[in-house]
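Computed from the coordinates by the stated procedures, all read-outs in this text should not be read as laboratory data. Please read all numbers here as calculations on a predicted model, not as lab measurements. Every residue, glycine among them, receives a Cβ derived from its backbone with ideal geometry; neighbour counts consider all protein chains shown.
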Ligand code: K1U
Ligand code: ZN
């Protein structure tokens, strides 16, 4: 397995719209394994393929403390949403920034698992937030785009400065 580089905001590649996956191959399963290792090492609770510069509709999530409950979503599609919740979100592509975002409280998502079998899942709370955050990545949207222009620009300049001085 390998640790992959995670793109950092404001990298323009984070705004690429991901393409649907036609079939599950061994290469795709190796990418899933590499993404999982990358997410666990970061550490994070979710990762979209976009963040590792792979512009295909794949995201992973693991909310467990034991890091052994990996959930794989291929070609995820939200088919229902309900309610509203605020959550202070983080993002591995926007390191050190935590901001409150308002999203749906419950979502129903259809996707394929790592074996290419389709499933439907109803999620609420943090899982629902995480699914919405990662699907945004696949659509080329970073969570800071929910913030005011002023906050976004401050974050952009802070991260660019950090990059220059690294
Ligand atoms: O998409 C990403 O960059 C991953 C992101 C997922 C996420 C977290 C919180 C709300 C919405 C989406 C992260 O994992 S940020 C890191 C984080 O939240 C965390 C890290 C270690 C332990 C617990 C949480
Ligand atoms: Zn993110």
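Quick check on my filter: what residues within the range 1-14 are more than 15 Å from ligand 1 (Cβ to nearest atom) and either surrounded by 19 or more Cβ atoms within 10 Å (Cβ to Cβ) or not in a loop (DSSP other than H, G, I, E, B) (or both)?
12
For the range 113-151, which positions are more than 16 Å from ligand 1 (Cβ to nearest atom) and more than 18 Å from residue 85 (Cβ to Cβ)? Write out each step before concluding.
Taking the range 113-151 first, the residues more than 16 Å from ligand 1 (Cβ to nearest atom) are 113-122, 148-151.
If the condition is that a residue be more than 16 Å from ligand 1 (Cβ to nearest atom) and more than 18 Å from residue 85 (Cβ to Cβ), then 113, 114, 115, 116, 117, 118, 119, 120, 148, 149, 150, 151 are the ones that fit.
Within the set of pairs 6 or more residues apart or between chains, which connect a residue that is closer than 19 Å to residue 13 by Cβ inside the range 46-65 to a residue that is part of a loop (DSSP other than H, G, I, E, B) and near ligand 1 (Cβ under 9 Å from one of its atoms) with Cβ atoms less than 8 Å apart?
Partner pairs satisfying both residue conditions: 47/6; 47/92; 51/6; 51/92; 51/93; 52/6.
Please work out if residue 72 is within 16 Å of ligand 2 (Cβ to nearest atom) and either within 22 Å of residue 5 (Cα to Cα) or under 12 Å from the mean Cα position of the chain (by Cα) (or both). Give the steps one after another, and end with the answer.
Numbers: within 16 Å of ligand 2 (Cβ to nearest atom): no; either within 22 Å of residue 5 (Cα to Cα) or under 12 Å from the mean Cα position of the chain (by Cα) (or both): yes.
Taking the combined requirement at face value, the residue does not satisfy it.
Return the residue satisfying two criteria in turn: it lies in the range 20-33 and is part of a helix (DSSP H, G or I) and buried (at least 16 other Cβ atoms within 10 Å of the Cβ), and of such residues it is farthest from ligand 2 (Cβ to nearest atom).
Per the criteria, the residue is 28.
Pairs needed: first member in the range 17-41, in contact (Cβ under 8 Å) with a residue 40 or more places away in the chain; second member anywhere, in a helix (DSSP H, G or I); C-beta distance under 7 Å; at least 6 residues apart or different chains.
Matching pairs, first to second residue: 18/49; 18/50; 18/138; 21/28.
Hey, could you check the range 37-54 for residues that are part of a helix (DSSP H, G or I) and under 12 Å from the mean Cα position of the chain (by Cα) and say which is surrounded by the most Cβ atoms within 10 Å (Cβ to Cβ)?
51
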